[in-house]
Structure formats: C-alpha cells, structure tokens
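The values are calculated or read from the model by the stated rules, or taken from the named source; none is laboratory data. Computed from a predicted model, the values in this text were never measured in an experiment. Backbone-built Cβ (ideal geometry, glycine too); neighbour counts: all protein chains shown. For accessibility, only protein heavy atoms count, side chains too; no ligands or nucleic acids. Shrake-Rupley method; radii C 1.70, N 1.55, O 1.52, S 1.80 Å.
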Amino acid sequence: MTKIIEVNGVSKSYGGVKANTDISIEVEKGGITGLIGPNGSGKTTLFNSIVGYHPIDSGSIKFEGQEISKKPVQDIARLGLLRTFQQTRIYGDMNCVENMLISMPHRKMTIREAFTTNTRADHDRAEHLLDFVGLYEKRFLRSGSLSFGQQKLLEFAMALMNEPTVLLLDEPTAGINPTLINGLIDRLKRANSEFGITLFIIEHNMRVIMNMADRIYCLAHGELLAAGSPTEIQGDQRVVDAYLGAH
Amino acid sequence: MTILRPIFYLALLAFIIAAPFIAPDFRTQLATLWIFIILSMTWDMTGGQMGYNSLGNILFYGAGMYIAAVVGISIAYNVGEYTNAAGGGIYKFTDTQYFLGMALGLIAAGVLCAGIAWVLGYLLFGLRGPYFAIGTLGAAIAAGELVSNWEWVGGGQGIALPVFPGDDYENAKLFFYYLFAVTGVVLFIFLRWFYTTRFAAAINAIRDDEEKAEAMGLHTLRYKLITWSIAAFFVGIAGGISGYQLIHFEPLETAFQTINLGIFMVVCVLLGGKGTLWGPIIGAILFHVVKEVTWNYLLGWQWVALGALIVITVVYFQDGLMGWLARVKPEWFGERVTEKPALAGEPAE
Amino acid sequence: MDQIIGNIGLLFEFPIVNLKILLDGIMIGALFALAAYGLALVWGVMNVKNLAQGDFVIAGGYIAWTLDQNGIQPLLGIPAAFLVMWVIGWITYKLVIKRVIERDLFTSLLATFGLAIMFAQIMNLMFGSDTQSIQLDMPTLYFADGFIDVPMSKLVGVVTALSLAFAVILFMKRSRMGQAIRATAQDARAARVLGIDTDKVYSFTFSLNAAICGAAGAIIVMAWVIQPFYGITYSIRAFVIVTAAGLGNLPGVIAAGLGIGALEQYGSHIFGIGYQQAIAVLLLLLVLFIRLLQQRRKRQVLQ
C-alpha cells in the first residue's frame, strides 16, 4: 500500500487560536481513512489545509509525493484531490442533471474539448450516477428544491462525476435521515471498491466510521490524539475521555 | 416544434434583411438598435451567464472606436498630423483606402479589445460582486479621461473620420445597418452554440457558486478571461463600426459614454431577463422602442426619466421578462419529475 | 513628457511648493473624508454601497449656493443643506433604498447608480452645467513670503467639517440611536430580536448620511467649485477611501481621506489639471489592486 496523502507536522492558527498543532497523518491509496474528534478539535481546518483553502503556518502536505501546501484550491482539485463541504454546496438554480454535467472533469479536457457539447455518453453517465445515489426520479428538478439529505447525495454524485483520485468527505451523514444512512454507507463503500476512489472521511457518527474505515485518526484540541484501526481506537481510553470531555 | 424552428429563424432573417426597406425613415434608428442588441448580448455573457456584473464594458466600445479609426487613418496618413488638422477636410481617402482601412480597423478593434479584456481581467477578476462592478466602472471612466488628454488621438476634440464614399447618404445608412446586422447575427449564432457547450456550463457554475467551482477543479480565471475576451471582441467591432457611422466622435460623450450606453446595456439585459439567450435581445428592443418613442416628448427631462427607469427596473422588475415567465411557467423551462421506467434517458434540453 | 519632468523638478527645486500642495490636499481631503465617513456608515450598517454619495454632496452645495443667491449669509447654508438633505435622504430611503437592502449587492449598486444619474440630471436642469461657487468676504492668509496662500474660507470649511465629524462620532458613541445603529451593524437579525426597529435605524442612518454629505457639499461650494456632473468623482473618491481604510475604522478613513486629497493634488501638479478626474479614478484601481494582492496572500478574494 502506498501513501497517497502525507501530512507532516502541519500547524495552522487563526489569530491567536491554534486550530492545528504539529499534525502528521497519512492516507493510504485505495483505502478508507477516518478522521474523528470532538467539536472544535480542528478536523475541518485540517481538511481545508489539505485542499489548499488557506495557507498553512508550517509543515508539509504531499499528494502522490508532490508538495501541495503552496498550491491554491483549483490547482489541487485538478490533481484529482476533491472535497465535499460540511454545509452542502451545489448549484441550487440548476436541475440535478445540469449539476452533474457541470461537474465533468474539466482538468482532463483541452480547451477545444471544453468547446464541445456534452455527448450522449456523458448524459448516460450523469444519469447512471444519479441512479447510483438514488436521485434518478428527481433528476430534472431544481436541485435547490431538494431536501438537505438529497442535496448531500447530489454533491456526492457530483464528486464521483469528477472522477477524483481521492475524495475528502466532510461529515457525509450529518443531516441525513437515519433510515438512509445504511444505504449511504453501502454507496461510499462501493465508490471505494468499484470506482477505486480513496476516501478520507470526517465523521461524527461512530457507528458509521467504525463500520467503514480501515484506519482512523482522532484529533482533540487541535492535536493528534490517537491513530489506529477501528478496534484500537474504540479501545483507546484517551479517545473515550476526549469525547466525554475528561481531557 | 422541431419543424417550426427553422421556419421561424428563416422568417426572422428575412425580416432583418427587409427591415430597412419596410421602414426606410428609421434606418439610423434600426442600426442603433443593433448596437443595443450586440452590447446587451455581450454584457449578458459575463453579467447573466457568469455572474460578473461589469459596469465598464463600454470601455471596449470606446476602445474599439478609437482603434478602428486610428488603424483606418494610418493606412493612408500620419495619425498625429491628421488629428492635429481636426477635420480640416484636406485629407482625402480613395474608396479602396476607405474600405480597406475600415476592414483592417474593425479586425484590429476586435482583436485588440479582446487583448485589453484579457489584461484587464487579470487585474479585475480577483474582485467579486460590487467590487468588480466598481472596478470596471473605474476602468471605463479612467480610459475616457486618459484618452481625452491624449493629443495624438485628438484629445478632447476626438477624431473626424472620412465620409462614406458617394453622394447618396442613404447608401451609407444601408451599409452600416447591414454591417451591424451581420455582426449581430454572427454573435447570435455564436452564442446559441456557445451556451450549449461544456465551457458555458462551467461559466454558469462560476456564476452560481465560484468557490464550489474552484473546489471542483475548474480553471476559473482562464474561463473568465476567455469569456470576457470574446465579449470584448464583439463590443470592439461594434464600437469600430459606430465610429465610422458617426464620422465624428469625441472621447467622453460618444466613445466612453459610461453613464449613457454603458448603463443602457445593463438595463436592457435586466428588462429582458438575465442569463437567457433571448432576454437581452427582447430587452434591447423594448428599451430602444420606449426610448425612441418617448424621448422627444420629455423636453429635456429624458435623462432624468432614464435614471428613474433604471431605478424602477432594478427595484421592481429585476428578473425581467424571461425571469417572470420562468416563474409563471416553470414547465416551459424543463422542470419536471420523471419516473424511473422511462429509462431511455433523453438528454436534457 | 518634458513638462512632467519639469513639474517634478519644480518640487525639488522649491521644497516649499510641496508644503503648499500638501496643505491644499489635506484641506480638500478633509471633505473627502467626511463624505467617505457617511459611505462607511451606510455600507457598514445597511450593506448598501451608495453610488449616489457624490451627488448628495453636490446637491448640498447647490442648496447653499441657492441661499447665497438669495442674499442669505453663506455659512447658514451649511445647517440648511444638512436639514434639506436629511429630508431628501429620508425620501430616497423610503422610495428606493428600503426595497433593495435585502437584495444582492449589485441591485443596490445599480439602483443607486440610477439615482446618481437622476440627481445629476435634475441638478443640471435646475442650475445649468456651469461650475458655481460662493464668494466669501474673507481674507487670505499668506505664509513663507507669499509662497503659500491659505484662504480663510478653506480654513473655516475644514474646521467646520472636523467639528461636524466630531459631533457625529460623539452621537454614535453616546446616544441611544447611535447604540442601536452600532448594534444593527453588528447583526441586524439579533438586533431585531432584541426589539430594535431596524427599519427606523436604516432610515435614520441613510438620512444622516445624506445630511453629512449635504453639509460637506455646502462647505465645498464656499471654498472650491461644484458642477452637476462632479458627483460621480466624489462617489468614487469615497469608495477609494473606504476600500483603503476598511469599514468601521474611523482614524483610517480620516487618514485615507487626507492621503487621497494630497495624492490628487500631487498628481494634478505633475500631470496637469486635465488629469485630475483620471487620477481620482486611477487611485481607485490602485487601491483595489493593493487590497487584492493582500487578500491573495491569504488565498481569499475581495468581496
């Protein structure tokens, strides 16, 4: 197994608040890696640092061996490292199919190809992926009119449409109807196994993340608290304490 | 529906060709209408489709006017001496010089304006929303002020171009009408195709959520530069033609007319409906007709009425005609629930 | 080009010229700062970027000028312009601004641009397109062997502007309305929940802004000149100052106002008076560009 993302000693502070201190983690190619931690422990900050949303104070971030901590968001996304947002972001005034077609991987197109119309195959692929997340019936509805959970599914489908190498998911199950969560876990796992996309997931729902991830990192107060397999993390007293506030 | 469409376009084309003969007294007004249509359609490329509301597109109109004029003169004479004489009438152009100069001038106007948009875009596309609007407005005002201090191109006096060859002025009117019409029709055909491409989908994404578009790996700056440059290309040509049609123009009131034409095009697009193919055209026709009909009855208050029209349009009717239709009849715009058994998967229009 | 080099040479040959330019710049800059302060108020509290700002200034100038034409003491024109512009600001708020506050920013920008065109054209119809000013019977002070001349009228104008600014700041700090305005600027929804009538706050803020601009215009017409179409340049200067200083940064607004005034005077000394408008606008592009580079370092955009 090769390391696809290597975060080495990354620190980031906002004003005087240290959101991340000297964090080092690794994400293995082809696997599912989890990131947990209590509210305000710096998980989303770390995600934002990786995707280039803000400059980091110190440390290094490598993607497929290439240093990316100096690159802006678009350049990193064009390497195939994609993220979804905690507060879902979709193009609300367009319908689902249009949302999907916009998410075509433009990084793989030349300018000449960008000046062509989408082919039948592109449409089929968009509809296939909408079917995959269970939004086929609603594909011609304004996406802004969908429920929050459905919008999350749409955002996930859009990310798949972009054919990423790695997908960073920020709380994919938050706000989703509990009865649908099992279906979502299943789809995430299939995205990983069938499409070969490496997943790196922030998740609050312990049952979900323990069920999926092969390796989990736990943050607390902006520092790396523990790392290991789901069983190791479950048995780690420090993690239990962090969640119960005893830390 | 599908059979009706070509018939509709053919009828429209026939009407465009016949229009100056149907209403021979209004040839100049019809030519002006084309300026409105071209400027509105190009404004909508960035304003409506990409979400970048420029208040300074008039810069390309003025720049196009000057570039076309300077190139047109320079093939026969020294520009500095020509403008120095300020229309003394001693400079004669042969027919070949006139038309060749105009043709080269228009090409140069289009290409150089696209270049200006590309360079200016590097500076201005880092600005979002109101900052972009104010920044472009500032650029247009600055351009006008600088040109009016530039003696080589005639300073505040502007430039007097040669008159259209021949004695029959109706010929000139027809010539410029058709020149504008061809530019407009080419622009329409181009946009009709352009808005179906993946590229256009990408600029729509920039309009709806630029941060998301960046996170999805779109090369946003490049797409914005290309779009604005294409718009500037057509505006530059329209400006160049206007210069030759007007014969004499000066920098602040004619070429870089920030608060007149510069703001008209925005109002036209808002009236018709932002972000649609037909909205800007319908808006331009509506605005131009209302303006021409009421202008002379307002006795000096027309500019006040214009300001009021802008305010009323913006405050009460911002979605425009097409936006209003989309709200009343969403199914006309393809919104529907489709059941799964129809798995034929017809592509969305 | 030779002329430009000559003008720059003059600055080094006679350093006293620098002082004169600076003094002129700072005096007009104080009035730019006053209009910019009004814009910062409206921008911060209502999130409306008012492009009619400069036209309020010019309108105030014409009010004072009209009074002077009718034989009324010009200094009384300042409070008169303040009051009349207050009413005009209030009417503008009720008719237009009230309906665009909640909308996107381009809407308010375009609506106020429409207003700016309307105001400018109405003034053009009422007062004609000539430049106008009021002649005050005040002496001119001379310094440095007559190299520097400071008309008393300008000095009076600057002092009045500063006292007005001071009064407004005191009002914002001490009065209940001032507190309500500051609370609304922080979070309009929370203010509403706590029982503040935000509509009243908005109408008060906008009227106050128009009144401040009006007073600034009345001062400008006494010591400088006005013309119906000068408004847009004042609006742009106000934008430059607020963009450079940031919202809610009062010392910054004053400093930027004085700085812009001085830069403009330097610019028109070096390039010639014909470039004055161009320089005001180019300063806008310069400030936007600097702010852009600052934001880019943080990987953010100016919005």
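In terms of modelled amide H atoms, which long-range or inter-chain residues lie less than 5 Å from the amide H of A:Ile36?
So A:Ile36 has HN proximity to A:Tyr217, A:Cys218, A:Leu219.
Let me have the relative contact order for chain B, percent, based on Cα pairs under 8 Å that are six or more residues apart. Show your work: numbers first, answer last.
Numbers: 488 pairs, mean separation 101.7, N = 349.
29 percent.
Could you order C:Thr140, C:Thr233, B:Thr96 by accessible surface area, starting with the largest, using a probe radius of 1.4 Å? It would help to have the intermediate numbers written out before the result.
Numbers: C:Thr140 55, C:Thr233 5, B:Thr96 100 Å².
Largest to smallest exposure gives the sequence B:Thr96, C:Thr140, C:Thr233.
What are the residues whose amide H is under 5 Å from the amide H of C:Leu51, where those residues sit 5 or more places off or on another chain and H is modelled from the backbone?
Answer set, sorted by chain and number: C:Thr112, C:Phe113.
Per DSSP helix of 4 or more residues, -39500 (n - 2.57); summed, then divided by the residues of chain A. What does that give at 222 nm, rounded to the nearest 500? Write down the numbers at each step before the final one.
Values: 10 runs with 91 residues, N = 247.
Per the formula, -10500 deg cm²/dmol.
Rounded to the nearest 10 Å², what accessible area does C:Ser153 have for a 1.4 Å probe in the complete protein model?
20
Let me know the charge dipole size of chain B about its Cα centre in debye, to the nearest 20, where only the beta-carbon of Lys, Arg (+1) and Asp, Glu (-1) is charged. Numbers along the way, then the final one.
On the way: 17 positive and 23 negative charges, 123 e Å.
For chain B, the charge dipole is close to 580 debye.
So which residues of the stretch C:268-303 lose at least 50 Å² of accessible area, probe 1.4 Å, when you go from the chain by itself to every protein chain present?
With the partner chains in place, the stretch C:268-303 has these residues losing at least 50 Å²: C:Tyr275, C:Val281, C:Leu285, C:Leu288, C:Leu292, C:Arg299, C:Val301, C:Leu302, C:Gln303.
Pop the C-beta distance of B:Arg192 and A:His204 into the FRET formula with R0 = 45 Å and round what comes out to the nearest 0.05. Display every interim value, and only then the final one.
On the way: r = 49 Å, r/R0 = 1.08.
Rounded to the nearest 0.05, the efficiency is 0.40.
Over the stretch C:65-156, what is the relative contact order in whole percent, taking alpha-carbon pairs under 8 Å and six or more residues apart? Don't skip to the answer; put the middle values down first.
Numbers: 37 pairs, mean separation 18.9, N = 92.
Normalised by residue count, the contact order of the stretch C:65-156 is 21 percent.
Go through B:Ile37, C:Phe206, B:Cys113 and say which Cα lies farthest out towards the positive end of the charge dipole of the protein assembly as shown; charges sit on Cβ, +1 for Lys and Arg, -1 for Asp and Glu.
The one lying farthest along the dipole's positive direction is C:Phe206.
Would you kindly state how much longer the chain becomes between B:Glu253 and B:Asn296 on full extension, computed as 0.36 nm times their sequence separation minus their alpha carbon distance, in nm to one decimal?
Numbers: separation 43, 0.36 × 43 = 15.48 nm, distance 1.93 nm.
Stretched fully, the B:Glu253-B:Asn296 segment lengthens by 13.5 nm.
Just how large is the dipole of chain A about the Cα centre, in debye to the nearest 20, putting +1 at every Lys and Arg Cβ and -1 at every Asp and Glu Cβ?
Working: 26 positive and 28 negative charges, 79 e Å.
Charge dipole, chain A, about its Cα centre: 380 debye, nearest 20.
Give the longest segment of chain C that steers clear of trypsin sites (Lys or Arg not before Pro) in DSSP loops with at most 16 neighbouring Cβ atoms within 10 Å, not counting the sites themselves. Show your work: numbers first, answer last.
Values: sites that count: C:Arg103, C:Lys298, C:Arg299.
The longest uninterrupted stretch comes out as C:104-297.
In peptide C:100-107, what is the residue-averaged number of other protein chain Cβ atoms found within 10 Å of each Cβ? Before the final figure, lay out each step's value.
Numbers: counts 4, 0, 0, 3, 4, 6, 12, 6.
Average per residue, whole number: 4.
Go through B:Val163, C:Val253 and list them by solvent-accessible area, largest first, probe radius 1.4 Å.
Ranked list, largest accessible area first: B:Val163, C:Val253.
Can you give me the solvent accessible area of A:Ser24 with a 1.4 Å probe, rounded to the nearest 10 Å²?
The accessible area of A:Ser24 comes to roughly 50 Å².
With charges set only on the Cβ (+1 for Lys and Arg, -1 for Asp and Glu), what does the dipole of the protein assembly as shown come to about its Cα centre, in debye to the nearest 20? Walk me through the numbers before you get to the answer.
Numbers: 63 positive and 66 negative charges, 341 e Å.
Approximately 1640 debye in magnitude.
How far is the Cα center of the stretch C:108-182 from the Cα center of the stretch C:77-94, in Å?
Taking the Cα centre of the stretch C:77-94 as reference, the centre of the stretch C:108-182 is 13 Å away.
Quick one: Karplus J couplings for the stretch B:222-232, per residue in order, coefficients 6.51, -1.76, 1.60, θ = phi - 60°, nearest Hz, x for Gly and Pro?
In residue order, the calculated couplings are 4, 5, 5, 4, 4, 4, 5, 5, 4, 4, 5 Hz.
Mind checking B:122-129 for the average number of partner chain beta-carbons within 10 Å of each residue's beta-carbon?
On the way: counts 0, 4, 4, 2, 11, 8, 4, 8.
Counting other chains' Cβ atoms within 10 Å and averaging over B:122-129 gives 5.
Taking H placed 1.01 Å from N in the peptide plane, check which residues at least 5 places from A:Ile4 or on another chain put their amide H under 5 Å from its amide H.
Excluding prolines and chain starts, which carry no amide H, the hits are A:Val27, A:Glu28, A:Lys29.
Quickly estimate the mean residue ellipticity at 222 nm for chain B, helices only: each DSSP H run with n ≥ 4 gives -39500 (n - 2.57), and the total goes over all residues, rounded to 500. Write down the numbers at each step before the final one.
Values: 14 runs with 236 residues, N = 349.
Here the helix-only value at 222 nm equals -22500 deg cm²/dmol.
Please compute the length gained on full extension between C:Leu141 and C:Arg297, using 0.36 nm multiplied by the number of residues separating them and subtracting their Cα-Cα distance.
Result for the pair: 51.3 nm of gain on full extension.
How much length would be gained if the chain were fully extended between A:Asp214 and A:Phe115, taking 0.36 nm per residue of separation minus their Cα-Cα distance, in nm to one decimal? All intermediate terms of the calculation are to be shown ahead of the outcome.
Values: separation 99, 0.36 × 99 = 35.64 nm, distance 4.20 nm.
Computed gain between A:Asp214 and A:Phe115 is 31.4 nm.
Which of the lysines could be linked to A:Lys29 by a straight reach, that is with a Cα gap under 26 Å, when you skip same-chain ones fewer than 8 residues away?
Filter leaves A:Lys3, A:Lys12, A:Lys43, A:Lys62, A:Lys70, A:Lys71, A:Lys108, A:Lys152, A:Lys189, B:Lys212.
Pick from A:Thr44, A:Thr116, A:Thr198: which is most flexible by mean-square fluctuation in a GNM of chain A where alpha carbon atoms under 10 Å apart are linked?
Taking springs between Cα atoms under 10 Å, the residue moving most is A:Thr116.
Counting heavy atoms of the protein chains only and a 1.4 Å probe, report the per residue accessible area for the stretch C:2-297 as a whole number of Å². Show your work: numbers first, answer last.
Working: 12680 Å² over 296 residues.
Per-residue accessible area for the stretch C:2-297 comes out at 43 Å².
For the charge dipole of the stretch C:2-297, defined by +1 on Lys and Arg C-beta atoms and -1 on Asp and Glu C-beta atoms about the Cα centroid, which residue among C:Val45, C:Met152, C:Val242 has the Cα displaced farthest towards the positive pole?
Selected residue: C:Val45.
So what is the relative contact order for the stretch A:89-163, in percent, with contacts set as C-alpha pairs under 8 Å and at least six apart?
52
To check you understand DSSP bridge types, tell me what percent of the beta bridges within chain A (both residues inside) are antiparallel, rounded to 5. Provide the component values of the computation, followed by the final result.
Working: 21 of 37 bridges.
Antiparallel: roughly 55 percent of the beta bridges in chain A.
I'd like the interface area for chains A and B: accessible area of each alone minus the complex, both sides summed, 1.4 Å probe, protein heavy atoms only. What is it in Å² to the nearest 100?
Numbers: alone 12030 and 18150 Å², together 26420 Å².
For A against B, buried area totals roughly 3800 Å².
From the Cα gyration tensor of the stretch A:1-81, with a ≥ b ≥ c the square roots of its eigenvalues, which class applies: rounded if a/c is under 1.5, or else prolate if a/b is larger than b/c, or else oblate? Provide the component values of the computation, followed by the final result.
Values: a/c = 1.79, a/b = 1.29, b/c = 1.39.
The shape class here is oblate.
Give me the distance between the Cα centres of the stretch A:4-75 and the stretch B:211-287, rounded to whole Å.
Here the two parts' Cα centres lie 42 Å apart.
Calculate one ³J(HN,Hα) per residue across the stretch C:206-211 by plugging θ = phi - 60° into the Karplus curve 6.51 cos²θ - 1.76 cosθ + 1.60, and present them in order as whole Hz with x for glycine and proline.
For the stretch C:206-211, the Karplus-derived couplings read 5, 5, 4, 4, 4, 5 Hz, x marking Gly and Pro.
Report, for the protein assembly as shown, the % of DSSP beta bridges that are antiparallel, rounded to 5. Could the numbers behind the result be given before it?
Numbers: 29 of 46 bridges.
Roughly 65 percent of the beta bridges in the protein assembly as shown run antiparallel, per DSSP.
Using θ = phi - 60° and the Karplus curve 6.51 cos²θ - 1.76 cosθ + 1.60, what whole-Hz ³J(HN,Hα) does each residue of the stretch C:268-283 get, with Gly and Pro shown as x?
Running phi through 6.51 cos²θ - 1.76 cosθ + 1.60 with θ = phi - 60° gives 6, 5, 6, 8, x, 5, x, 8, 4, 5, 4, 5, 4, 6, 5, 4 Hz.
Percent of accessible area on the stretch A:89-163 owned by carbon and sulfur, 1.4 Å probe?
Working: 1330 of 2680 Å².
Carbon plus sulfur share of accessible area: 50 percent.
If you roll a 1.4 angstrom probe over the protein chains with everything in place, what fraction of the accessible area of chain B belongs to carbon and sulfur, to the nearest %? If you can, show how the numbers build up before the last one.
On the way: 9710 of 14400 Å².
For chain B, the apolar C and S fraction of the accessible surface comes to 67 percent.
Have a look at B:Ala76, B:Ala205, B:Leu270 and report the one farthest towards the positive end of the charge dipole of chain B, computed about the Cα centre with Cβ charges (Lys/Arg +1, Asp/Glu -1).
Of the candidates, B:Ala205 comes out farthest on the positive side.
Ignoring ligands, DNA and RNA, how much accessible area is buried between chains C and B, both sides summed, with a 1.4 Å probe, to the nearest 100 Å²?
Values: alone 15350 and 18150 Å², together 29780 Å².
Result for this pair: about 3700 Å² buried.
What ranking of B:Ile312, A:Ile68 comes out by heavy-atom accessible area, probe 1.4 Å, highest first?
Ranked from most to least accessible, the order is B:Ile312, A:Ile68.
Between A:Gln234 and A:Asn182, what is the FRET efficiency for a Förster distance of 22 Å, r being their Cβ-Cβ separation, to the nearest 0.05? If you can, show how the numbers build up before the last one.
On the way: r = 20 Å, r/R0 = 0.90.
Plugging the Cβ-Cβ distance into 1/(1 + (r/R0)^6) gives 0.65.
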